[in-house]
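> Quick one: this structure, given as structure tokens, is what I'll be asking you about.
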Amino acid sequence: MSKFIIEGGKRLEGEVQISGSKNAALPIIAATILNKGKTVLYNVPDIQDVHTMFEIIQKIGGKINKKHNKIIINTSEIHTYEIPDNLMRQMRSSVILAGALLGKYHQARFSYPGGCEIGSRPIDLHLKGFEKLGINIKEEHGEIFCNTSQILGTQINLDFPSVGATENIILASCLGEGTTIITNAAKEPEIEDLIKYLNKMGANIKGETTDRIEIIGVKKLKEISYNIMPDRIEAGTYLVAGAITGGKVKITNANPKHIETVLNKLEETNCKIKIEKNSIEIEAPKRIKATDIKTMPYPGFPTDMQSIFGALLSTAKGTSIITENIFESRYKYAQELNRMGAKIKIEGRTAIIKGSKKIQGTKVVAYDLRGGAAMILEALAAKGITEIENIHYILRGYEKIEEKLKKLGAKIY
Ligand code: EPZ
């Protein structure tokens, strides 16, 4: 069983470089299917979810070559439109391949995606969007078969600004006939990065960073190279590592614009934030102050930072309230933090967190990516040794996390 052992109580200090964004790289790797040729990607994070996405691309006939700091993806010989079930189940973003296969080949066969256990995570908005584009959908024995003779531009209003559904509709429609307008679209920076990548390939998409995205279908997309944006959640995670240990941490290669709400909340807890051209530095007080969090779609406070702030606020002076508005069950980490002395009470979508000065090391188990990250942060602040089991969840989304934390003075093995 993969585990981390962490000796807490060390004040973290130093500088760490942020890697490429997991949630931008995954849809962009899927989108390489659309040019039926070569794409060179830079700043792709070396994490499990990216390896899984590469495995799927190779399984359906694509070729992946890694050279130093670049990844060359060749999708000219894709020969099947069926995504293997075992790989579909490994992560949520495998469903994004459906939009790319439908956009290029007008067919796709896949099962319901897997991913972190943080709620039911249906794909009804994805499928409704496909249907509006004129795609026939048949579900049989847990498999979904999609096909069409052509993709017709249309108007699609999303019941909820779903990141994945927005991405899937963009991928399915950018080579279609006519214009598709998505209203109530998600505005996350990762979608802006995907649209920048597609437009560089020759797509004609407008409205990124707004809730109205217009996709004018084009005939062909060309071979390009592209640099993936930095990971805003990884950036927030290392800033909180500084905050929870009363430390002083500088992160480089991060975009402060992408985490404005996170930086505001860190300042509310009495941390000092210094923003320079290509870096963000945090200097924390000995003990941070309580504050309240409500997760919202971008540009609101990101749900992926919810558990990470749950850990931070469990050490605060005072009581904090967190409200999780995006996923219906994203508090599984709380019971594990409570074993370490945190005082987190869950009532539906709300967490009431009474700050505690007595966080102690013990054995805990990770259940998902961001909950696992929260346990690492709690362990860094704890007195004594913490053992975290199931760290494969954490390695899905954080590149070289052990190495980066050691560089900041953490005792992690
Ligand atoms: C993306 O997931 C991210 N994953 C998630 O990050 C992130 O938490 C989420 O967006 C919200 O920001 C990737 O980009 C790979 P959604 P996604 O569709 O696309 C409901 C991480 O830790 N919904 O915006 O799955 C859904 O159940 C991961 O890096 C429907 O009801 O998120 C959820 O309650 C975790 N029907 C809400 O919308 C649908 O068809 C938001 O989901 C689709 C979604």
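Where a number appears in this text, it was derived from the coordinates with a stated rule and is not lab data. As the structure is a computational prediction, the values presented were derived from the model and not from experiment. Here Cβ is always computed from backbone atoms with ideal geometry, including for glycine, and neighbour counts include all displayed protein chains.
> Over the stretch 22-227, consider all pairs of different Cα atoms and compute the Kirkwood hydrodynamic radius from their mean reciprocal separation; express it in Å, one decimal.
Result for the stretch 22-227, one decimal place: 16.5 Å.
> What residues have an amide H closer than 5 Å to that of LYS294, excluding those fewer than 5 places away on the same chain, when H is modeled at 1.01 Å from N in the peptide plane?
So LYS294 has HN proximity to THR323.
> May I pose another question? Could you list GLU131, GLU378, GLU399 so that the one with the fewest beta carbons within 10 Å of its beta carbon is first and the one with the most is last?
Taking fewest neighbouring Cβ atoms as first place, the list is GLU131, GLU399, GLU378.
> Around TYR226, which amide H atoms from residues at least 5 apart in sequence, or from another chain, sit under 5 Å from its own amide H, with H modelled in the peptide plane?
VAL40, LEU41, TYR42
> Quick check on the chain: helices-only [θ] at 222 nm, where DSSP H runs of length 4 and up contribute -39,500 (n - 2.57) each and the sum goes over total residues. Nearest 500, please.
Mean residue ellipticity at 222 nm (helix-derived): -9000 deg cm²/dmol.
> As a footprinting exposure proxy, order ASP231, ASP304, ASP211 by other Cβ within 10 Å, with the fewest listed first.
By the 10 Å Cβ count, ascending: ASP211, ASP304, ASP231.
> Please report the antiparallel percentage of the DSSP beta bridges confined to the chain, to the nearest 5.
The antiparallel proportion sits near 70 percent.
> Give the cross-link partners of LYS206 among the lysines, using a straight C-alpha distance below 25 Å as the criterion and excluding same-chain residues fewer than 8 apart.
Filter leaves LYS22, LYS36, LYS38, LYS104, LYS128, LYS132, LYS187, LYS196, LYS219, LYS220, LYS222, LYS257.
> Could you size up the charge dipole of the stretch 73-135 around its Cα centre, putting +1 on the beta carbon of Lys and Arg and -1 on that of Asp and Glu, and report it in debye to the nearest 20?
That gives a dipole near 160 debye.
> Treating only the Cβ atoms of Lys and Arg (+1) and Asp and Glu (-1) as charged, compute the dipole magnitude of the chain about its Cα centre; round to the nearest 20 debye.
1240
> Assign unit charges at the C-beta atoms only (+1 for Lys and Arg, -1 for Asp and Glu), then state the dipole size of the stretch 260-372 relative to its Cα centre in Debye, rounded to the nearest 20.
In debye, rounded to 20, the stretch 260-372 gives about 620.
> Right, here's the next one. Give the order of ILE391, ILE135 when sorted by the count of other beta carbons within 10 angstrom, beginning with the fewest.
ILE391, ILE135
> In Å and on Cα atoms, what radius of gyration and Dmax does the chain show?
Expressed in Å, the Cα Rg and Dmax of the chain come to 21.3, 63.
> Which Cα, out of PRO113, ALA241, SER173, lies furthest along the positive dipole direction of the chain (beta carbon charges, K/R +1, D/E -1)?
It is ALA241, whose Cα lies furthest towards the positive end.
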